[in-house]
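Sharing a structure, written as structure tokens. Questions coming.
The values are calculated or read from the model by the stated rules, or taken from the named source; none is laboratory data. Here the structure is a predicted model, which is why all the values come from computation and not from measurement. Using ideal geometry, Cβ is built from the backbone for each residue, glycine included, and neighbour counts are taken over all protein chains shown.
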Amino acid sequence: MKKTLAPHSPEDARNQAAEAIDVDQSYLAYYLPVPRPFVRLTSGHFPVGAVTQRHSHPMIAMHGSLQGPLTLLTAVGEYTLDTGDFCFIAPGVDHHWSNTGSHSAATLAFLINAQQPGRWPASLGIADACNELQRLVHGVARLNSSGDPDLQHAFWQMADQLTAERPRQQLAITGRLWTFLSVVLERMSRTSSAAAQHDVAQQIRRLLLSRVNDRLTIAEVAGEVRVSATHAKEVFTAAFGCGIMTYFNELKIWQAKRLLCDPSLTIDQVSGKLGFSSPTYFSRTFRKHTGATPSEFRKQR
């Protein structure tokens, strides 16, 4: 890891090269044998102002902050890791680190070869965990352990075990690593599931907005977003606090108010444009939502 600055002259370049060597010497890196799928455990120290060279890893990388803050820079954004924060970086993602804080930062890192999990009995679920991690890690997945006692405990138990001055038994090290990863997978799966449900709710909302002039049933809406009607109702209510048809009718009423301000349109025409089954049903729905019939609303306007 080297401190990099843009040289302005050959002399500046030579001075910066010498300075980079000094920075390299201030980093502390060590290796601890760990079982597959974990690979290459290291610890890095980043002096104030240090900027590492851009690089990527051939497999999933975990970087945890033992002392922060430290900034991870990627093509898609920046992520600040404070003490106790950590992230998983997908294979091939270019990144580098920068310490713009007021004191040295330190990290703990290891790689995970999810493609070659090692010779573990299938009943232990190691291969399944690796597959799940590959599914969940895209780009950079940042996790914050503050406010999550179980995650925080698992991270620091692992960190203390792996950075102990006297090497611990291999069984203890392996146990800490898998305990940490199992808690991480649980949290990431939960977040992924919540994100997926939110995405379905947003798809439904966009569909309702784009089809406000149509007549839709819940079954048709669910079919459009490729989920069951029950799931569609559950995720939409959780996201927006009301049912799909209630929301759809509110959109229609909002549109109806706009159309009723056009004197060239009859109430029957407005009803037809918005896909109501009949002018009577339109009037009843409009009054339910506004407290006035379409005719009364038009007179008030």
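Kindly provide the set of residues from the range 264-301 that are in a loop (DSSP other than H, G, I, E, B) and more than 22 Å from Thr246 (Cβ to Cβ), ordered by number.
Within the range 264-301, Ser264, Leu265, Thr266, Arg301 meet the criteria.
Among the residues of the range 266-286, how many are of a type outside the set (Ser, Thr, Tyr) and exposed (fewer than 15 other Cβ atoms within 10 Å of the Cβ)?
3
Looking for whichever is in a helix (DSSP H, G or I) and either surrounded by fewer than 17 Cβ atoms within 10 Å (Cβ to Cβ) or in contact with a His (Cβ under 7 Å, 6 or more places away or on another chain) (or both) here; the options are Arg215, Arg205, Arg226, Arg258. Which one fits?
None of the others qualify; the one that does is Arg258.
Here is a follow-up. Six or more apart or on different chains, Cβ under 7 Å: which pairs go from a residue in the range 212-224 that's outside the structural domain of Ile253 (by TED's automatic domain parsing) to one that's charged (D, E, K, R) and part of a helix (DSSP H, G or I)? Could you list them?
Val212/Lys252; Asn213/Lys273; Ile218/Lys233
Tally time: how many residues in the range 259-301 are under 18 Å from Asn249 (Cβ atoms) and among the basic types (Lys, Arg)?
Adding up the residues that qualify gives 4.
Each row is one residue, and each column tells you yes or no for (1) touching a helix residue (DSSP H, G or I) at 6+ places or on another chain (Cβ under 8 Å); (2) under 23 Å from Ser65 (Cβ atoms); (3) part of a strand (DSSP E or B).
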| site | (1), (2), (3) |
| --- | --- |
| Pro91 | no, yes, no |
| Ser102 | no, yes, no |
| Leu111 | no, yes, yes |
| Asn131 | no, no, no |
| Ala141 | yes, yes, yes |
| Gly147 | no, yes, no |
| Gln152 | no, yes, no |
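Next up: Against the definition (modelled with pLDDT under 90, on the phi < 0 side of the Ramachandran plot and aliphatic (A, V, I, L, M)), how does Ala17 come out, yes or no?
yes
Are there any pairs with C-beta distances below 7 angstrom linking a residue in the range 95-113 that is at positive phi to a residue that is at pLDDT below 90 and crowded, with 19+ Cβ neighbours inside 10 Å, with the two at least 6 apart or on different chains, and if so which?
So the pair list comes out empty.
Moving to a separate point now. Select from the range 130-153 the residues that are loosely packed, with under 14 Cβ neighbours inside 10 Å and of a type in the set (Ser, Thr, Tyr) and list them in ascending order.
Correct list: Ser146 only.
Let me ask something additional. Scan the range 34-69 residue by residue and report those that are in a loop (DSSP other than H, G, I, E, B) and over 13 Å from Ser98 (Cβ atoms).
Of everything in the range 34-69, those that are in a loop (DSSP other than H, G, I, E, B) and over 13 Å from Ser98 (Cβ atoms) turn out to be Val34, Pro35, Arg36, Pro37, Ser56, His57, Pro58, Met59.
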